[in-house]
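Take a look at the structure set out below.
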């Protein structure tokens, strides 16, 4: 396992069998962060729908709606159904950490993140492998948690603002507000 540092966030990367290639645990976490950041930027100025978020993320609108359900169940998002429905944050961006988002859509269980397996009972290495490795995997999860707790949606929103001004949201959904005057 390698940890890649992106904006002071530790992201676990797992090496696959092909040399030089890697895979992430899941795309759900970055998709959830993207969706909530999009909501934080637009709302309450604009009505945010799964279609708009899908346009911004490149994900299917049904996938986004399912993600909205998980984020709502976790107390991060409030969704209103119907013709004039949409979503908005359940808390202020400063009160939503990346760890909150991670827990809403992923498991913090080291066994699940690292896909641990049982070793052979007949081999002394296989028999003791899990109990030796697990504390280190748990420490890695705790380090990831500590790092993700340091970053809020407000932090990401502040980091995004200069980019929105620079690009004037050329390639984002037309619903994005004009931030050149802010």
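The test for being assigned to a helix (DSSP H, G or I) and closer than 22 Å to residue 40 by Cβ holds for residue 71.
Based on this model, can you work out whether residue 41 counts as loosely packed, with under 14 Cβ neighbours inside 10 Å and modelled with pLDDT under 95?
Numbers: loosely packed, with under 14 Cβ neighbours inside 10 Å: no; modelled with pLDDT under 95: yes.
No.
Within the stretch 57-68, being over 15 Å from the mean Cα position of the chain (by Cα) and either closer than 18 Å to residue 106 by Cα or not in a loop (DSSP other than H, G, I, E, B) (or both) holds for 61, 62, 65.
Can you tell me which residue among 163, 98 is buried (at least 16 other Cβ atoms within 10 Å of the Cβ) and either at negative phi or in contact with a helix residue (DSSP H, G or I) (Cβ under 6 Å, 6 or more places away or on another chain) (or both)?
Numbers: 163 fails: buried (at least 16 other Cβ atoms within 10 Å of the Cβ).
Just one listed residue meets the conditions, 98.
Can you confirm whether the stretch 105-123 contains a residue that is without any contact (Cβ under 8 Å) to a residue 12 or more places away in the chain and within 24 Å of residue 154 (Cβ to Cβ)? The answer is no; no qualifying residue exists. Counting the residues of the stretch 54-95 that are surrounded by 14 or more Cβ atoms within 10 Å (Cβ to Cβ), in contact (Cβ under 8 Å) with a residue 60 or more places away in the chain and within 24 Å of residue 151 (Cα to Cα) gives 3.
All of (1) in contact with a strand residue (DSSP E or B) (Cβ under 8 Å, 6 or more places away or on another chain); (2) at pLDDT 95 or above; (3) under 22 Å from residue 164 (Cβ atoms) hold for residue 101 with one exception: (1). Within the stretch 40-52, residues that are assigned to a helix (DSSP H, G or I) sit with their Cβ atoms under 7 Å from residues that are surrounded by 22 or more Cβ atoms within 10 Å (Cβ to Cβ), at 6+ positions apart or across chains, in these pairs: 40/153; 42/48; 50/64; 50/68.
Within the stretch 106-182, which helices (runs of 4 or more DSSP H) (wholly inside it) include 1 or more residues that are at pLDDT 90 or above and within 26 Å of residue 96 (Cα to Cα)?
On the way: elements: 110-113, 124-148, 153-167.
In the stretch 106-182, 124-148, 153-167 are the helices (runs of 4 or more DSSP H) which contain 1 or more residues that are at pLDDT 90 or above and within 26 Å of residue 96 (Cα to Cα).
The values are calculated or read from the model by the stated rules, or taken from the named source; none is laboratory data. Just so it is clear, the model here is predicted, and its values are computed rather than measured. No Cβ is skipped: glycine too gets one built from the backbone with ideal geometry, and neighbour counts run over all protein chains shown.
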